[in-house]
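Just below is one structure, and these are the notes that go with it.
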Amino acid sequence: MVCWPWAWDQLVNSRLVGEVWKVGLDMKDVCKREMVESMVRSAMEGEKAEELRRRATEMAVEIGRSVGEGGDAKLDFERLLRDILSLSLCASIA
């Protein structure tokens, strides 16, 4: 992923993608033709591209576990649904 943040949460998301998760490149606020070309080449070719693919694969496995049966994300979502349903039941009783 090549990120060019423009405003608001895009700045944080771009930094997470590039610096924290390391699954993409952050162009920051520079968007010149040469910079875009350089970023795309880095993301597609060479050592940096290998690292990005490796990290993306690792994250895909981790995410799959989290959303799968018994995973944290799935359990949290189910808990949220139960909480919402219990609120609507309370409101209909009152």
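Here, each number is a calculation from the coordinates, and none is a lab measurement. Source: prediction; values computed, not measured. With ideal geometry, Cβ positions are generated from the backbone for all residues, glycine too; neighbour counts draw on all protein chains shown.
How far apart, in nm, are two points set 7 Å out from the Cα along the Cα-to-Cβ line at Ile84 and at Arg41?
Taking the two extended label points, one gets 4.8 nm.
Note down the net charge around Met44, summing +1 for each Lys or Arg and -1 for each Asp or Glu among other residues with Cβ under 13 Å from its Cβ.
On the way: positive: Arg41, Lys48, Arg53; negative: Glu37, Glu45, Glu47, Glu50, Glu51.
So the surrounding residues net to -2.
Over what distance in Å are the Cα centres of the stretch 12-56 and the stretch 71-93 separated?
Here the two parts' Cα centres lie 38 Å apart.
Which value, in debye to the nearest 20, describes the size of the charge dipole of the chain about its Cα centre when Lys and Arg Cβ atoms bear +1, Asp and Glu Cβ atoms bear -1, and nothing else is charged?
It comes to approximately 100 debye.
Just to be sure I understand, if you calculate P(r) over Cα pairs in 10 Å bins from 0, in percent for this structure, which of (1) 15, 28, 24, 17, 11, 4, 1; (2) 12, 27, 24, 16, 13, 8, 1; (3) 14, 40, 30, 14, 2, 0 do you get?
Checking each listed value against the structure points to (1).
Any lysines with Cα under 21 Å of the Lys32 Cα? List them, leaving off those in the same chain fewer than 8 positions away.
Lys48
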